[in-house]
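The values are calculated or read from the model by the stated rules, or taken from the named source; none is laboratory data. Here the structure is a predicted model, which is why all the values come from computation and not from measurement. As a convention, Cβ positions derive from the backbone with ideal geometry for all residues, glycine included, and neighbour counts pool all protein chains shown.
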2 protein chains.
Amino acid sequence: MIGFSVHATDLNGSARTGHLVTPHGAIATPAFMPVGSLGPVKGIEPDELQAMGYGLMLNNAYHLFLRPGHEVIARLGGLHRFNAWRGAILTDSGGFQVFSLAKLRKVSDDGVTFQSHLDGSTHHITPERAIEIQAALGADIIMAFDECVALPASGEQIGEAVRRTTHWARRCLAAKRRSDQSLFGIVQGGLDHDMRKRSADDLVAMGFDGYAVGGLSVGEEPASRNRALETTTAHLPADKPRYLMGVGLPDDLVEGVARGIDLFDCVVPSRHGRTGWLFTTFGRVLIRNAKYAGDERPIDPACACPVCKRFTRAYLHHLFLVKEMLGVRLNTIHNLYFYAGMMEQIRQAIATGTFTAFRTRYYERKEQAQMQADSMDEQESRTLTASLAEEGQP
Amino acid sequence: MIGFSVHATDLNGSARTGHLVTPHGAIATPAFMPVGSLGPVKGIEPDELQAMGYGLMLNNAYHLFLRPGHEVIARLGGLHRFNAWRGAILTDSGGFQVFSLAKLRKVSDDGVTFQSHLDGSTHHITPERAIEIQAALGADIIMAFDECVALPASGEQIGEAVRRTTHWARRCLAAKRRSDQSLFGIVQGGLDHDMRKRSADDLVAMGFDGYAVGGLSVGEEPASRNRALETTTAHLPADKPRYLMGVGLPDDLVEGVARGIDLFDCVVPSRHGRTGWLFTTFGRVLIRNAKYAGDERPIDPACACPVCKRFTRAYLHHLFLVKEMLGVRLNTIHNLYFYAGMMEQIRQAIATGTFTAFRTRYYERKEQAQMQADSMDEQESRTLTASLAEEGQP
């Protein structure tokens, strides 16, 4: 069972720092959860993740249910043991994956029948089964089985999804057995403020250990998302953790924290390890860019991560071009350190009442970086291309 | 410049331990060199490689010449700096890759014109250019540019390749400039004992810093290879290092050491990281086998590597099936530790005059493992399949 306490607030009480205490350790919030869809964060060992400062990670019940199976994992001692991860785990219920990945879905108040995206095998997941699967996996925090709706959606579709999500949330709560697990409800409602309020009120009335905000990482426009988020958190109790699912880029973390979010998860740092998009204090570095071919500097001279201490942009550029696995891993390590560092800065800013200054500085730096990037790009590219051409490089 | 000294011998002087001193550290021999074709050993960081006990690794001049280019690397301070590798490096000259990978090759006494396997661009490599490329890369040990011949080959083809290899070796020696690099000649001759003797004598007469045995990792039958190897080493000076190129599996290391080899290189430990073939003290583990799905044991209970200390066969089996990058990395780490451990055991056996006993025990254990594997396989497979079917796993 988790415990949660708020320590400091800023921004007129909107932003907060806190502590989440779980059976597998305490986590300072606001916190970002790296995602290990199939178990590990791609290419990263659990001890490394802990060394970066992460104490809570996310695993997907949907993927693990399909492979290797929740009962195989249960027999092997549960997910922590399976992954050799000593920190805490949050599993999402599969609600999102079922709606985004699976084929031929049939949804009713009973549950969802779908075909695995892997091999077409048919499965039926109900709220009870989602809880049973997550109980077998043994995460510290488990999620209610919800109905996600893709935007844009009609008011009727959104309303129906809220109704069903509330109905399923009640059944999830009733099905929960393990006292060492904590269950979060998921607020839906799209971008409709009345629906968001309705959904939040429904769940709060039932009383969950925490509340997640779902359906706001599906491609909607940031300003609309932020307004919907604000409405949602305004209707969630202050003394329970709030978790914004599937979010996000650094901007989104700042804006989410400003609106009272305590937990985030997103594949971005690891996925961008693969696309070679590297986060830095001065903007992003797209390592595939030819301008880095001869660049002896680290990704970010201000970064103290193991990658920036040992490898050059030129090397990472080379690894990217030749599709070397080590490159993906190093990129991912850097990005995860960046995210961990950013969350630490955010927590410190809130704790010292300087979150507004932090936020302002964050956007100023971002704008500067953008202007520099635009002016440098063309010139640097031309320079390097010319020098390489002189030397007859292929 | 390297220094080499023989310390102990066994097997009537055939097997030897020694020390290779390079500008980037000393290496105990016999030693195995992990291969980083495009720079790193796939998925492995240089510091990790050193922690495993490796002090010398191989990089391919052919691949690095094509991408990112030897002059880019030279401008970045050379290969050691590029790779952030503090140990020693041996580059092979590209002789083998040009003959095995490149398209539309035209060979003459002048050199080889070929098309890059990557983009079809045309390149002309001569012995002088091969030395120039390796000088730019800056490895501690560089290789002569040789003509490899695919087996089976006619006596005439083998003789012609020996003649040309000798001719090119002379030009490589003449082209060598850097006094901090050491140049090895490569003995060719296929499986023809007279040709092997001829090639060895030619090179020894010129005087190289070390002698490699080429053309014995191209699919020939082990017994024939070993005989050709024996003939070759019999005609190489005892006070210079002998390097068997592209070899091999554990058996091949034992047999190579028995015939006086000091250095080996092979992609096997890393390549088999990707195919899930794991080396153990009791035989190989093919991690994809269904029998490991519920196996809580480490790959090898007798292994002290970081993977065996933390992860189960079940987890590695899962990672393999879901094609997770971390699985490849962990498999590779284990295999590299295995190889490093085996070479250490070999060195100790020679130093204590117990190599024969080591060799005997090695083959006994191998045979036992084979018998066990054959009898267990079928039974274990059926058991696990049945139990999984009972639980309705997909």
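Do you know which of the residues in segment B:297-343 that are under 23 Å from B:K366 (Cα atoms) and among the basic types (K, R) is surrounded by the most Cβ atoms within 10 Å (Cβ to Cβ)?
Among those residues, the one meeting the criterion is B:R313.
Out of everything in segment B:64-84 that is part of a loop (DSSP other than H, G, I, E, B) and at the interface with chain A (Cβ under 10 Å from one of its Cβ atoms), what residue ends up being surrounded by the fewest Cβ atoms within 10 Å (Cβ to Cβ)? Full working, then the answer.
Step one: list which residues in segment B:64-84 are part of a loop (DSSP other than H, G, I, E, B), which gives B:67-69, B:76-78, B:84.
Applying the additional criterion that residues be at the interface with chain A (Cβ under 10 Å from one of its Cβ atoms) yields B:67-69, B:76-77, B:84.
Values: B:R67: 17, B:P68: 25, B:G69: 20, B:L76: 19, B:G77: 13, B:A84: 17.
By that ranking, first place goes to B:G77.
Scan segment B:276-284 and give yes if some residue there is surrounded by fewer than 17 Cβ atoms within 10 Å (Cβ to Cβ), touching a residue at least 24 places away in the same chain (Cβ under 8 Å) and among the polar types (S, T, N, Q), otherwise no.
Yes, segment B:276-284 contains at least one residue that is surrounded by fewer than 17 Cβ atoms within 10 Å (Cβ to Cβ), touching a residue at least 24 places away in the same chain (Cβ under 8 Å) and among the polar types (S, T, N, Q).
Report the residue count in segment B:230-249 for those that are among the aliphatic types (A, V, I, L, M) and within 19 Å of B:A144 (Cβ to Cβ).
Going through segment B:230-249 one residue at a time, the tally reaches 4.
Answer with yes or no whether B:P298 is of a type outside the set (A, V, I, L, M, F, W, C) and within 12 Å of another protein chain (Cβ to nearest Cβ).
yes
Applying the selection to segment B:85-96, what residues are under 14 Å from the mean Cα position of the chain (by Cα) and either modelled with pLDDT under 95 or part of a loop (DSSP other than H, G, I, E, B) (or both)?
Selection gives B:F96 alone.
Can you report the number of residues in segment B:40-55 which are surrounded by fewer than 24 Cβ atoms within 10 Å (Cβ to Cβ), assigned to a loop (DSSP other than H, G, I, E, B) and more than 13 Å from chain A (Cβ to nearest Cβ)?
Final tally of qualifying residues: 3.
Only residues that are crowded, with 22+ Cβ neighbours inside 10 Å and touching a strand residue (DSSP E or B) at 6+ places or on another chain (Cβ under 6 Å): list them for segment A:344-354, please.
Passing the criteria: A:R347, A:I350.
Within the group A:R284, A:R329, A:R310, which residue is over 26 Å from B:V41 (Cα atoms) and either at pLDDT below 95 or within 10 Å of chain B (Cβ to nearest Cβ) (or both)?
A:R284
Taking B:F184 as the residue in question, decide whether it is closer than 24 Å to B:S108 by Cα, assigned to a strand (DSSP E or B) and either touching a Gly at 6+ places or on another chain (Cβ under 7 Å) or at pLDDT below 95 (or both).
So B:F184 passes the test.
When the residues of segment B:20-39 are filtered to those that are farther than 24 Å from B:D252 by Cα and part of a loop (DSSP other than H, G, I, E, B), which remaining residue is farthest from the other protein chains (Cβ to nearest Cβ)?
Residue satisfying both the conditions and the ranking: B:P23.
Being more than 14 Å from chain B (Cβ to nearest Cβ) and either on the phi > 0 side of the Ramachandran plot or of a type in the set (V, I, T) (or both) is the filter here, so list the residues in segment A:332-357 that pass it. Show your work before the answer.
Here is the first cut: in segment A:332-357, the ones more than 14 Å from chain B (Cβ to nearest Cβ) are A:335, A:337-357.
Once the filter is applied, which keeps residues that are more than 14 Å from chain B (Cβ to nearest Cβ) and either on the phi > 0 side of the Ramachandran plot or of a type in the set (V, I, T) (or both), segment A:332-357 yields A:I346, A:I350, A:T352, A:G353, A:T354, A:T356.
Scan A:F145, A:F99 and give me the residue that is of a type outside the set (A, V, I, L, M) and not in a helix (DSSP H, G or I). Let's see the steps before the verdict.
Working: A:F99 fails: not in a helix (DSSP H, G or I).
On inspection, the qualifying residue turns out to be A:F145.
Would you confirm, using the coordinates I've provided, whether A:T165 is touching a strand residue (DSSP E or B) at 6+ places or on another chain (Cβ under 9 Å) and in a helix (DSSP H, G or I)?
Taking the combined requirement at face value, the residue satisfies it.
Which residues, counting only those in segment A:106-130, are crowded, with 17+ Cβ neighbours inside 10 Å and of a type in the set (A, V, I, L, M)?
Selection gives A:V112, A:I125, A:A130.
How about segment B:215-242: which of its residues are modelled with pLDDT under 95 and part of a loop (DSSP other than H, G, I, E, B)?
B:G215, B:L216, B:S217, B:V218, B:G219, B:E220, B:E221 - these are the residues of segment B:215-242 that are modelled with pLDDT under 95 and part of a loop (DSSP other than H, G, I, E, B).
Identify all residues within segment B:279-310 that are out of contact with any Cys (no Cβ under 9 Å at 6 or more places or on another chain) and under 22 Å from B:Q50 (Cβ atoms); write none if there are none.
B:F279, B:C303, B:A304, B:C305, B:P306, B:V307, B:C308, B:R310
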